[in-house]
Amino acid sequence: MKPYQQVAIVECGEPLVPIPLDLFAVESPHPYQLLGATYNGKTPYHLRQGVLNSLIQAQTQLQLKHPGWRIQIFDAYRPVAVQQFMVDYTFAQVVAAQMLNANSLIAPQQQDIWQQVYQIWALPSLDPLTPPPHSTGGAVDITLVDDTGKIVNMGSAIDELSPASHPDYFANSSLLTQQQYHNNRQLLCDVMHFAGFARHPGEWWHFCKGDQMWAWLSNNVNPASSVVARYGRVE
Ligand SMILES: C[C@@H](N)C(=O)N[C@H](C)C(=O)O
Ligand SMILES: [Zn+2]
């Protein structure tokens, strides 16, 4: 269990609403649907109402600094079945990258690979007390596009299983290009913080508001507080 999963959830009942896709840039086709994930009549382009309002606020803040720039949505609502699909898919990817055979892994190899997978993915838990962040409608994976529609270079791809996913990976680089990646990540983080989101400590692209991770991160910033999550899993 990850530490944030111990945070209590007091579900507020706010609806999951469609993201107005004309307001944002959108990764298309959706990356997990492209890999074969099935949504059974649901779509990933949903968020809790309050989270959507905050995402719009973040983009407005971005455009004050950079007119014409937009937030690009990579992923938002994710049913637990899709979380399971992506975890299994990533496990298979790591096995293939290491030229291993999934059917002949010994236990320590399996453990090592699962450990890598769960470094960036949440457990696909069906327990209502420990929902995967995206299954609550309170988490979103995003990047930025500039006023010409070009993706702003963050120095590594979303969902990359590598140290470069760490938000501060380029923070102390002496190379100008890498300093720019860091500045771009910081810009994204600043506008999201402005709108009340928290960033995943290990992923430059993952932001949350109202879920267990957000509450846990808020309490870390201010140890005197005991914020609880207001979003549990939504079906
Ligand atoms: C891996 C990335 N897409 C992601 O969303 N990670 C978080 C931790 C999750 O699985 O909820
Ligand atoms: Zn995410």
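The values are calculated or read from the model by the stated rules, or taken from the named source; none is laboratory data. Source: prediction; values computed, not measured. Neighbour counts are summed over all protein chains in view; Cβ atoms, including those assigned to glycine, are modelled from backbone coordinates with ideal geometry. For the accessible areas, the whole protein counts, side chains as well, though only heavy atoms, and no ligand, DNA or RNA atoms are used. Shrake-Rupley method; radii C 1.70, N 1.55, O 1.52, S 1.80 Å.
Between the alpha-carbon centres of the stretch 66-136 and the stretch 148-165 there is a gap of 17 Å. Among 135-141, 91-97, sorting by the average number of other beta carbon atoms lying within 10 angstrom of each residue, highest first, gives 135-141, 91-97.
When you work out D = kT/(6 pi eta Rh) for the stretch 112-227 at 37 °C and 0.692 mPa s, using the Kirkwood radius from C-alpha pairs as Rh and the Stokes-Einstein form, the result is 213 µm²/s. Rounded to two decimals, the Cα-based Rg/Rh of the chain, with Kirkwood Rh, is 0.96. Computed as a quarter of the hull surface, the mean projected area of the alpha carbon convex hull for the stretch 25-116 stands at 8.4 nm².
Run the count for the chain, please: Lys pairs, Cα-Cα under 23 angstrom, 8 or more apart or on different chains. Can you show the working numbers first?
Working: 2/209; 42/209; 65/150; 65/209.
Eligible lysine pairs with Cα atoms under 23 Å apart amount to 4.
A 1.4 Å probe run over the protein chains yields, for the stretch 55-207, 46 Å² of accessible area per residue, whole-number rounding.
Taken along the Cα-to-beta-carbon direction at a fixed 7 Å, the label points for residue 228 and residue 10 span 0.5 nm.
For the stretch 12-21, backbone phi angles converted through the Karplus equation (6.51, -1.76, 1.60; θ = phi - 60°) give residue-by-residue couplings of 8, x, 4, x, 8, 10, x, 7, x, 5 Hz, Gly and Pro being listed as x. For the stretch 69-116, the extents of the C-alpha atoms along the principal axes are 46, 24, 15 Å, listed from largest to smallest. Overall, the accessible surface of the stretch 124-235 at a probe of 1.4 angstrom is composed of carbon and sulfur to the extent of 56 percent.
This model, with +1 at the C-beta of Lys and Arg and -1 at the C-beta of Asp and Glu, gives the chain a dipole about its Cα centre of some 280 debye. Among residues other than residue 94 with Cβ under 15 Å from its Cβ, the summed charge is -4 (Lys and Arg +1, Asp and Glu -1). Ratio of Rg to Rh for the stretch 159-202: 0.99 [Cα atoms; Kirkwood radius as inverse mean 1/r over pairs]. Each peptide in 76-83, 190-197 receives the mean, over its residues, of other Cβ atoms within 10 Å, and ordering these scores from highest gives 76-83, 190-197.
Of all beta bridges that DSSP places with both ends in the chain, some 80 percent have antiparallel geometry. The per residue volume of the convex hull around the alpha-carbon atoms of the stretch 82-172 is 156 Å³.
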